[in-house]
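The values are calculated or read from the model by the stated rules, or taken from the named source; none is laboratory data. None of these values were measured; they are calculated from a predicted model. Note that each Cβ is placed from the backbone with ideal geometry, even for glycine, and that neighbours are counted across all protein chains shown.
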Amino acid sequence: MSFNRRTFLRGAGACIALPALESFGLPRLASGASTATTAAITNAPVKRLVTIGTYLGFHTPSWFPKETGADYRISEVLEPLEDLRSDFSLFSGLDHRASNGHKNWSNFLTGKATSGISMDQIVANGIGHQSRFASLQVTCGSGGEGRMSFTKEGISLPSIGRPSVLFNKLFSSDADKARMDYVLSSNRSALDLVLDEARSLKRQVSSRDAEKLDEYFSSVRDVERKVQKQRQWLEVPTPKVDFKLPDYDPVAPDLSLECEAIMYDLMALALETDSTRVLSFLVPGQGQVFTIDGEKLSAGYHGLSHHGNDPDKIAEFNQVGKKQVANFGRFLSVLNQKKDAQGRPLLDTTAVFYGSGMGNANTHNNSRLPALLAGGGYRHGAHHAIDRGNETKATPLLGDLFLSIMESMGVGQERFVKASRNMNDYLL
Amino acid sequence: MKVYPLAVTFLLSFTAALGKVSELPEQVDNFLGTYCLDCHDADTRKGEVSLDLLEIDWTDPHSAKTWGKVFEVLQSGEMPPEKKKQPSDKEVHGISSWLSQVLLENDKPGGTVLRRLGKEEYENSVSSLLKIPFTVPRSFPTDLVSHGFDNHGEELVLSPPLMAQYLEIATAAADSVLPPPTGRRNVKKDTVDIRPGEFTLNFTTGHIVDGVLRMVTSSDPLARGSVWPNRFEARTAGVYQVKVDLSYFKPVENHIPEVHLLSRRSDGSNFARASGLTKLAEFKVPEAKASSFVAEVELQRGETIVIHYENAPLSSDQGKGRSKHIGRISEQLLDLFRDDHELGAAWMKAGYKRSDRGWSWLERIEAIREKGGLDVEGFDPENPKVKKFAEGMSRQAVSLVETMCCYLFEKGPGIDVHHMSVTGPIRLIEDDEEIARQKITERFMGKRQDRNDREYAAAILKPLIDSAFRRPATEEQVEKYLQVVLRHKAEGHRFEDGIHLALRALLCSPNFLYRGHRQGQLDEHDLATRLSFFLTNCPPDASLQKAAASGKLSNPKDLEFHTRRLLKHTRVKNFLSSFTGQWLDLRLLPEIMPDSRLLNWNEKDLAAIITETELFVAEILRENHPIETFIDPAFTYLNKRNAKLYEIKFPNSEKMKRVDLKKGGRHGGILGQASVMMATANGVDTQPVLRGVWLLENVLGDPVPEPPPDVPAVEPDTMGAKSIRELLQKHNSDASCAGCHKKIDPPGFALENFDPVGRWRDHYPVYEKVGDKVIRKDGLPVDATGTMKDGTILNDVTDLKRYLVENVDIFGNCLAEKLLVYATGRDLGFGDRREVEKIVKKVRQDGNGFQDLIVALVLSESFRTK
């Protein structure tokens, strides 16, 4: 892979003119959240969430360590994380007890086959108003078939696959901001006009229709508030960063490992500049033939994932997995070096959940998913194997881990689909 | 039903005086007390129904529903229940007549609430308003379904996220007709060198050998047959010079490779087809020695250059039909065998193992060849056994073609890409998108001529507002938009910006987003709107607008003319897919994946069963066939896929053909088509209760209430020990269940001969594991018998069909109500339903044509009242 390591390091140690957004405080028109919730969010120990899913997953026997507890021997695929093992916990045996199949990858963050809200979006709904972007969704190139983040209406959120597009969104030029400011400010008179129309309409219609129109009034008012908030963020200068993008976007599918590394850099910058606090990254997988350490692999990535337990294919599939894990490891290291507004390592206040909605790509099985939780100030260092031999009601689900993560971010939930407990015992 | 006007006159005069309240006359009160209040008093409230009242308060929205239901169950004899004391016919007549009168008074046709445009209606409206193709972004919320349809006024809620979307889309749509001024980036001329290792490879599209990139296949999907540079894309629209160094690897007789250069968006889909891309240049490569090929090509911004070996003999593309596909691929394999008998012998020895694919398969074969001891002499590629073997291998089409590619990478023929360089832009060209946009802007703005701002703005906006509001806007309304434009310009913005802003407002206007503001009978414009959205999902076209403006549309003759005109319009396909897709639940089908033990299922099978039903309903509409055709048709549409499900002999073809059926048979019609049978099951097993409930709702027009919350669903016994009927009988021994199940079970069981994908069966399947394989065997026999509530005995689905044809008004009423609910976006009230009954009877007497039914409904008071 010819991604230039110097580019990466320059980005990592970037000199940043960072407006102290965290000290800027919550915008006055933050949200309709109750004071109690807002207090919970403000006092929560974890401020940021990153969720990462690789579409084709891993060869899990090469991913899960054989031993459990703190003294486990690092597995083949996780080897690049050896030096970071005190920064994360590994879980085996977790899933949502949801159905299997090609199309069910997306239950990774939603917990069920039919679409519902994903965990990252529950968090974004709770804490998103604190930053310029409530959440950002990222992938590499066209991204392929995968869908990871869903709104409560079950709509999958589109992802940004070009590094240059993500960069421009995060650190938009003055010209772009001027245009956006113009549109937002002039929208006011458009909304005034339509509200005026709605008022005259309301005088003509039946009382039942007038009730229906109230939906219109309250929706427009809500949008007005949102417009106001967006304008407030425009007044806050976009951070200036010294990061050099390559002069092409690595959107070609065989460059997705390279794209992945750049996306991680940009994600770290997005967190450092407090542009967003919720990031979701879908690492795509298609038929591309990767070149690893100068050697082209013998088959396409998707073909390798259907390895049929052929050891040669598994070895090559693991080569890709290992590179992905290495990219992820560098991301964790960068978050360890970068500091938040209070001078703490970013990783300490950022929960990073890494895994896949695919338990076994060879059979398209969505159970016993790879699951890793890093950062966030949790107790780390161990491999927790969940005993699925004699399942009881107390056997944790992946959703229970989500409940713990959400709780530590100040957006505690009673349930997450089938899960209603939590995994605090493993983490606190 | 007969009404006895004299008997009730005195009662009516009494209620009329009270207006919104009907006091119960003594006879009615006595009737209720004697026959109903045992269960439906204020304390017991069986089924959540209490009739323990002295008067009916019509201002309570539940009253019409409750008393409408009372009327119906008395008419049908469903209440009082069999075991209770039964009233005389005369007593029932008395109370029914009174109820009928007060209900007609108080539950008149009409009552649709303000309807927000549904998703498709909105898309079509924006598109027709701005005359640009338009679809909502993926993030757009979907509409909720109520009463089987997603266009129900009550459920078309407007939420803050949706409003935010409307505003964002309004800005984007305004941008697309009036783009904000942008400067074009100045891009310097540059040369990019692309080495063989710097191309995107997918699967086996290419292979690096001895420092060159070798290609051997012409497969059409890019991810299977093309390569492109992974780090080059045009940074601006322009002419670029491309130089490719190519050579012919292992030339063979009678084949000169042709190489095409194609353009593609660098972040486009990997499975786009080479045949669908723009060809930039083509070269013949006759020499085994590398030569340079040069072309000047036009690229749009963000495009890259694809190399495709156009006439490579090896291809994984489908011929027509799977067997041709297999034939084609096995023939390619046999060709390899003809050239290399040893390969053939080794391959036959190797066979196929589950993980074989590409290099790993080839390596296994080559290892066998290395080992030697093969009977190469005895290998004859023309031996039928070899042919059969090749066909067998071809069932693994993807793996096989990949493996043949790997073989050809060493054996040839192929082309070698030594180097590519792209220099440019040599000169800029007009950006395609920019040209198209300019044209849109010119058309949208028209010519200013010598008009002042106000006049020019009015010329642009007045027709636009009329069209958005679907009626001529008042002067006052238009004035407000003009003011927005003029004020904006006065604040220092451009005139175009003012129009842009007015357009943003217009697309968020309640007059645009909602329809049906006026009360009572629809006026000309609301009538045009309702009719147009009903039959085309689009706002009124020019002809309808004209008819409405001239005040003639409400004239029954004109209304019928326009209805029949739209029914012939190509846009009626929107009605067919939306109405049929929801009424018959075809929209659920893509979500259902049949159990792989039942059959192998793919997208084409799914397409076949959906298309069958769509073509079937389209023909009934187009030909004005009687509505009995839905139940018992003499035709259907087949291709080899659904024909196989029905065990009907059919040529081996994917093409849908109209086929005659014998009436009265098992298959055909909505009670026999695989689409409906699959939509009413879950892909794994059938549940007669679910199918029965579905039939009552969608065919018999007698929907049953939700089961009580604490009753568990009857789960089929998958071990096959107990029949579903046995399980249900136990369930139905409970009297509170029996009431509804007497209605649900007979029609539900009548469909039991159809398995979850609509195949006929006489036995339920049981599965046995034998070694690695699962074998299906006949289990318990299917028992599809039942007795309808009027005593009709059903032996199987053919009896249910006969019952419905003989009592076609049952189905007619159901279909007509569905159509009317879909058209008006409301629950039907008592008045609506009585009108439907009259229409259904009348249409039946006139031949029962489906088109005629739609026309009669459009002409009805129900359709024409808000």
| task | State yes or no: is A:Thr151 more than 10 Å from every other protein chain (Cβ to nearest Cβ) and of a type in the set (Val, Ile, Thr)? | result | no
| Condition broken by B:Leu262, with the remaining ones in (1) more than 24 Å from A:Gln288 (Cα to Cα); (2) away from chain A (no Cβ under 14 Å) satisfied | (1)
| Filter result (surrounded by 22 or more Cβ atoms within 10 Å (Cβ to Cβ) and at positive phi) within region B:790-847 | B:Gly825
| query | If we scan region B:135-151, do we find a residue that is of a type in the set (S, T, N, Q) and either over 24 Å from the mean Cα position of the chain (by Cα) or assigned by TED's automatic domain parsing to the domain that holds B:Phe830 (or both)? | reply | no
| field | Selected residue (criterion: nearest to the chain's Cα centre (by Cα)) from residues of region A:95-129 that are hydroxyl-bearing (Ser, Thr, Tyr) and at pLDDT below 90 | value | A:Ser106
| field | Filter result for A:Arg162 (within 22 Å of A:Arg277 (Cα to Cα), within 10 Å of another protein chain (Cβ to nearest Cβ) and touching a residue at least 60 places away in the same chain (Cβ under 8 Å)) | value | yes
| note | Filter region A:237-258 for residues that are assigned to a helix (DSSP H, G or I) and not small (Gly, Ala, Ser); the one that is farthest from the other protein chains (Cβ to nearest Cβ) is A:Leu257
| Matching option when the condition is within 14 Å of another protein chain (Cβ to nearest Cβ) and crowded, with 20+ Cβ neighbours inside 10 Å, among B:Leu156, B:Leu144 | B:Leu156
| said: On the basis of being over 21 Å from B:Leu700 (Cα atoms), not acidic (Asp, Glu) and not assigned by TED's automatic domain parsing to the domain that holds B:Gly758, does B:Phe575 make the cut? | reply: yes
| request: Look at region B:57-89 and say how many of its residues are in a loop (DSSP other than H, G, I, E, B), of a type in the set (Val, Ile, Thr) and within 22 Å of B:Val704 (Cα to Cα). | output: 0
| message | When you check A:Glu215 against the structure, is it at the interface with another protein chain (Cβ under 10 Å from one of its Cβ atoms) and at pLDDT 95 or above, yes or no? | response | no
| Within the set of pairs 6 or more residues apart or between chains, which connect a residue that is over 13 Å from B:Thr611 (Cα atoms) inside region B:638-660 to a residue that is in a helix (DSSP H, G or I) with Cβ atoms less than 6 Å apart? | B:Leu645/B:Ala674; B:Phe650/B:Lys640; B:Phe650/B:Ala643; B:Asn652/B:Lys640; B:Ser653/B:Lys640
| message | Condition check: within 13 Å of chain A (Cβ to nearest Cβ), within 30 Å of B:Leu820 (Cβ to Cβ) and buried (at least 20 other Cβ atoms within 10 Å of the Cβ). Does B:Asn537 satisfy that? | response | no
| request: Starting from region B:353-364, take each residue that is within 14 Å of B:Ala397 (Cα to Cα) and list its partners that are charged (D, E, K, R) and in a helix (DSSP H, G or I), counting only C-beta distances under 7 angstrom and pairs at least six apart or across chains. | output: B:Ser355/A:Lys313; B:Asp356/B:Arg364; B:Arg357/B:Glu402; B:Gly358/B:Glu402
| said: Just to be sure I understand, how many residues within region A:282-321 are within 25 Å of B:Glu198 (Cβ to Cβ), aliphatic (A, V, I, L, M), touching a strand residue (DSSP E or B) at 6+ places or on another chain (Cβ under 8 Å) and more than 7 Å from chain B (Cβ to nearest Cβ)? | reply: 3
| message | Looking at B:Val126, B:Val136, B:Val113 in this structure, which one is in a helix (DSSP H, G or I) and on the phi < 0 side of the Ramachandran plot? | response | B:Val126
| field | Residue check, B:Asp89 buried (at least 18 other Cβ atoms within 10 Å of the Cβ), of a type in the set (D, E, K, R), under 30 Å from B:Glu23 (Cα atoms) and over 27 Å from the mean Cα position of the chain (by Cα) | value | no
| query | Taking region B:35-56 as the region of interest, how many residues are in a strand (DSSP E or B) and touching a helix residue (DSSP H, G or I) at 6+ places or on another chain (Cβ under 6 Å)? | reply | 1
| query | Among the listed residues A:Ala326, A:Ala341, which satisfies the condition of being over 17 Å from the mean Cα position of the chain (by Cα), in a helix (DSSP H, G or I) and more than 14 Å from chain B (Cβ to nearest Cβ)? | reply | A:Ala326
| request: Quickly run through region B:214-241 and pick out the residues that are within 17 Å of B:Arg265 (Cβ to Cβ) and more than 14 Å from every other protein chain (Cβ to nearest Cβ). | output: B:Ala237, B:Gly238, B:Tyr240
| note | Within region B:663-682, residues being part of a helix (DSSP H, G or I) and either charged (D, E, K, R) or in contact with a strand residue (DSSP E or B) (Cβ under 6 Å, 6 or more places away or on another chain) (or both) number 1
| message | Looking only at helices (runs of 4 or more DSSP H) that lie completely in region B:287-403, which have at least 3 residues being within 14 Å of chain A (Cβ to nearest Cβ)? | response | B:359-371
| Just to be sure, is B:Thr787 out of contact with any Lys or Arg (no Cβ under 6 Å at 6 or more places or on another chain), of a type in the set (S, T, N, Q), at negative phi and assigned by TED's automatic domain parsing to the domain that holds B:Gln687? | yes
| remark: Considering residues that are at pLDDT 95 or above and assigned to a loop (DSSP other than H, G, I, E, B), the number found within region A:344-375 is 1
| remark: Taking first residues from region B:166-182 that are at the interface with chain A (Cβ under 10 Å from one of its Cβ atoms) and of a type in the set (A, V, I, L, M) and second residues anywhere that are in a helix (DSSP H, G or I) and buried (at least 16 other Cβ atoms within 10 Å of the Cβ), the pairs with Cβ under 7 Å that are 6 or more apart or on different chains are B:Leu167/A:Asn187; B:Leu167/A:Val223; B:Ala170/B:Arg504; B:Ala174/B:His500; B:Ala174/B:Leu503; B:Ala174/B:Arg504
| task | Would you check if there is a residue in region A:271-281 being of a type outside the set (Gly, Ala, Ser) and in a helix (DSSP H, G or I)? | result | yes
| Mind checking which residues of region B:493-528 are of a type outside the set (A, V, I, L, M, F, W, C), more than 9 Å from chain A (Cβ to nearest Cβ), surrounded by 23 or more Cβ atoms within 10 Å (Cβ to Cβ) and assigned to a helix (DSSP H, G or I)? | B:Gly498
| message | Tell me whether region B:815-834 contains one or more residues that are touching a helix residue (DSSP H, G or I) at 6+ places or on another chain (Cβ under 7 Å), polar (S, T, N, Q) and under 17 Å from B:Ile631 (Cα atoms). | response | no
| request: Give A:Thr238, A:Thr273 a once-over and let me know the one that is over 19 Å from A:Gly146 (Cβ atoms), in contact with a strand residue (DSSP E or B) (Cβ under 7 Å, 6 or more places away or on another chain), surrounded by fewer than 24 Cβ atoms within 10 Å (Cβ to Cβ) and of a type in the set (S, T, N, Q). | output: A:Thr273
